Amino acid sequence: MQRINQRLAWMGVGALLLLIGFWLVFLVYQAGHYWLALGGLVLLAASGWVFTSPRAYAWRYLYPGVAAILVFVLFPTLYTVRIGFTNYSSTNLLTFSRATAYLLDQTYSNGGEPLKLALYPRGKKWQLALSSEAGKTWLSDEVKLGAANKQTLALREAAVLPAGEKAGLKEVIAEQAALKALELTLPGVATPYRLSSLSEFAPAQRLYRQAADGSLTNQQTGAVLRANFKTGFYETAAGEKVAPGFRVNVGWSNFQRLFDSAELQAPLLRVFAWTVVFAALTVLFTFSVGFTLATVLSWEALRFKTAYRVLLFLPYAVPGFISILIFRGLFNENFGEINMVLNGLFGIQPSWFSDPLLAKVMLLLVNTWLGYPYTMLLSLGLIKSIPADLYEASAINGASAWTNLTRITLPLVLKPIAPLLIASFAFNFNNFVLISLLTDGRPDFTDSVVPAGTTDILVSYTYRIAFQDSGQNFGLAAAISTLIFVLVAVLSLINLRLSRVNAQAKK
């Protein structure tokens, strides 16, 4: 009986989760993301089959991990690659239909007299009143306002304003979107009135009229706009672009810009070179410091080893973003403690944040501080696993401590730790947090037209192109992200290959 109750309870939980999933898929569909909704529906169907079918019983243990990889790794990767083939940017943010709708909503005034607006609440409805400077008044019927649908209201002339207290500015602001969708007509006036400010309606004509072939005619100037699906803009016959633009496929042009454009190529190559140097030196320094400390801590005659291990492990225990911000204060050129000490001892105050070389040195120092405990812990474990017989045989042959270190300890530690060092290289290749919190990529290149700094690595350079400074070129940033993904994937393959080599060597 208890087993049946448990089964029913799990079935209830599963049914509830499916209902929540269907509701989320429906919301996504309503937002207009049809392919995303279809993917969610497929995922829900697969989930239902895996957890109810006896034939898929073994997959129930693997399915959550596989689904998580699909949703959180594969989908963002494919979406980023897809964006890399478009002109998605701050100037080409909308879809073609939304850009067209935006232009068709534009109006222009023909110079008529604006009329004062007053809103009168009538339960869940409103009554609109327009009044002129000469004291004439026009009233609407009681209407329900809604921003989703455009409405055309015919107003009638009235002798006095309606009874009751009119709505305050707060209520008018709340209904602003609905008021923008209104088109008011007055008796004897051909031009409709549209909202021109929070308190006024003015005669206004639609600026553009759409023809059967999709072109837009400017009713004020007569210019004809046609959509150019290569540039992502409506353009005049003279080629003048009219904002806002829309998203179009641009093929390989974003990738070609990375290699053909001089204005992008120069900072990109320097940033790429520094990214490789930064990641490689970080791995070298953290391993050197960590391995050296592990070797010292493994010395049998050393006293208080536990206390030393705790103290040396502390940089790893403190969250990185806190340590980085503390170091940012310590390296402050005017008030930092490091410059105060250097000035007191040697009379120098290095420009850690404005000198490109010193900024890079500062980054490596801080990153070594943050990373050496990891390699120290790994090295300690690997040194402990080395058979003592090797050192005893070496001692019998009269080998020195240096010989033991270079011929026994280092080779036996370096081989198994190599895949982890490659993983560390890949991590530092994308170490966005350190760069963002410590230098923010600065000091900037003085000869670059795109936002790029001397301490930027590829991922922070991509972030600045996509979200900071001028431009916000998401398509170009996605192209750079795709290249970074390819590089990291290659490193991961090398890592896997080294792991297999080590596994075969152990056999």
Subject >> Flag if Leu78 is in a helix (DSSP H, G or I), surrounded by 13 or more Cβ atoms within 10 Å (Cβ to Cβ) and free of Cβ contacts under 8 Å to residues at least 60 places away in the same chain >> reply: no
**OP:** With respect to Lys360, determine if the residue is at pLDDT below 90 and under 30 Å from Gly320 (Cα atoms).
**Re:** no
**OP:** Only residues that are touching a residue at least 12 places away in the same chain (Cβ under 8 Å) and either under 27 Å from the mean Cα position of the chain (by Cα) or not in a helix (DSSP H, G or I) (or both): list them for segment 295-315, please.
**Re:** Ser298
Original post:
Condition test on Glu133, is it open to solvent by 80 Å² or more (accessible area, probe 1.4 Å) and closer than 20 Å to Lys180 by Cα?
Top reply: no
Original post:
Could you say which residue among Leu195, Leu186, Leu182, Leu269 is more than 30 Å from Leu169 (Cβ to Cβ) and aliphatic (A, V, I, L, M)?
Top reply: Leu269
Original post:
Among the residues of segment 338-352, which ones are in contact with a helix residue (DSSP H, G or I) (Cβ under 8 Å, 6 or more places away or on another chain) and open to solvent by less than 100 Å² (accessible area, probe 1.4 Å)?
Top reply: Ile338, Ile348, Pro350, Ser351, Trp352
Original post:
Looking at Ala158, Ala167, Ala178, Ala227, which one is farther than 26 Å from Pro244 by Cβ, open to solvent by less than 50 Å² (accessible area, probe 1.4 Å) and under 46 Å from the mean Cα position of the chain (by Cα)?
Top reply: Ala167
Original post:
Are any residues in segment 37-54 open to solvent by 80 Å² or more (accessible area, probe 1.4 Å) and among the small types (Gly, Ala, Ser), and if so, which ones?
Top reply: none
Original post:
Here are some conditions: (1) touching a residue at least 12 places away in the same chain (Cβ under 8 Å); (2) open to solvent by 70 Å² or more (accessible area, probe 1.4 Å); (3) not in a helix (DSSP H, G or I). Gly251 meets all but one. Which one does it not meet?
Top reply: (2)
Subject >> Filtered residue count, segment 254-277, keeping only those that are of a type in the set (Gly, Ala, Ser), in a helix (DSSP H, G or I) and without any contact (Cβ under 8 Å) to a residue 60 or more places away in the chain >> reply: 2
**OP:** Please specify each residue of segment 108-120 satisfying the condition of being part of a strand (DSSP E or B) and open to solvent by less than 60 Å² (accessible area, probe 1.4 Å).
**Re:** Tyr108, Leu115, Leu117, Ala118, Leu119, Tyr120
Original post:
Where residues in segment 436-454 are without any contact (Cβ under 8 Å) to a residue 24 or more places away in the chain and under 23 Å from the mean Cα position of the chain (by Cα), which of them is most open to solvent (accessible area, probe 1.4 Å)?
Top reply: Asp444
Original post:
Given Leu420, Leu458, which one is within 43 Å of the chain's Cα centre (by Cα) and within 20 Å of Met362 (Cβ to Cβ)?
Top reply: Leu458
**OP:** Can you tell me which residue among Ala238, Ala190 is open to solvent by 40 Å² or more (accessible area, probe 1.4 Å), under 29 Å from Ser132 (Cβ atoms), without any contact (Cβ under 8 Å) to a residue 60 or more places away in the chain and not in a strand (DSSP E or B)?
**Re:** Ala190
Original post:
So which of Tyr63, Tyr34 ends up being hydroxyl-bearing (Ser, Thr, Tyr), under 32 Å from the mean Cα position of the chain (by Cα) and surrounded by 11 or more Cβ atoms within 10 Å (Cβ to Cβ)?
Top reply: Tyr63
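The values are calculated or read from the model by the stated rules, or taken from the named source; none is laboratory data. Here the structure is a predicted model, which means the values were calculated and not measured. Cβ atoms come from the backbone with ideal geometry, glycine included; neighbour counts cover every protein chain shown. Note: accessible area is taken over every heavy atom of the protein model, side chains too, but ligands, DNA and RNA are not part of it. Shrake-Rupley method; radii C 1.70, N 1.55, O 1.52, S 1.80 Å.
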